Amino acid sequence: MSKKIKHCCDSMESIVNTTCDMHGCDCPDKFIIFSEQFNEYGIKIYGTPAVSVIDFCPYCGKKLPKSKRKQFYKTMKKLGIDTYKDKIPKKYRHYGWWLK
Ligand SMILES: [Zn+2]
């Protein structure tokens, strides 16, 4: 388990922490997801696996943290990891890898 992540407000906190046991995996109630790996928030496009990344919280309007997606791919490249074929090391799949 990764450490507890602070989200911008209670509404965001509750939606990203909605779990599958409550609603089933593809629950339409959980339309915002948080990617620990990329430090990224996104709105699920219902009925597809796609997610549209958002920069501001739709509830409280705060600016959301900067995505680490670019940094992630740069790091993988530096390590010689092919993100399509190779296994991503565990520490890079969790929140806060960029802090280490
Ligand atoms: Zn918020």
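The values are calculated or read from the model by the stated rules, or taken from the named source; none is laboratory data. None of these values were measured; they are calculated from a predicted model. Every residue, glycine as well, gets a Cβ built from its backbone with ideal geometry; the counts of neighbours run over all protein chains shown.
Which is farther than 15 Å from I32 by Cβ and modelled with pLDDT under 95, of K44, K66, K74, K70? First the steps, then the outcome.
On the way: K44 fails: farther than 15 Å from I32 by Cβ; K74 fails: modelled with pLDDT under 95; K70 fails: modelled with pLDDT under 95.
Just one listed residue meets the conditions, K66.
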Among the residues of region 80-95, is any touching a helix residue (DSSP H, G or I) at 6+ places or on another chain (Cβ under 9 Å) and basic (K, R)? yes
Can you name the residue in region 80-100 that is of a type in the set (A, V, I, L, M) and surrounded by 11 or more Cβ atoms within 10 Å (Cβ to Cβ) and, of all such residues, is nearest to I5 (Cα to Cα)? I88
How many residues does region 55-78 contain that are farther than 14 Å from W97 by Cα and either of a type in the set (S, T, Y) or in a helix (DSSP H, G or I) (or both)? 3
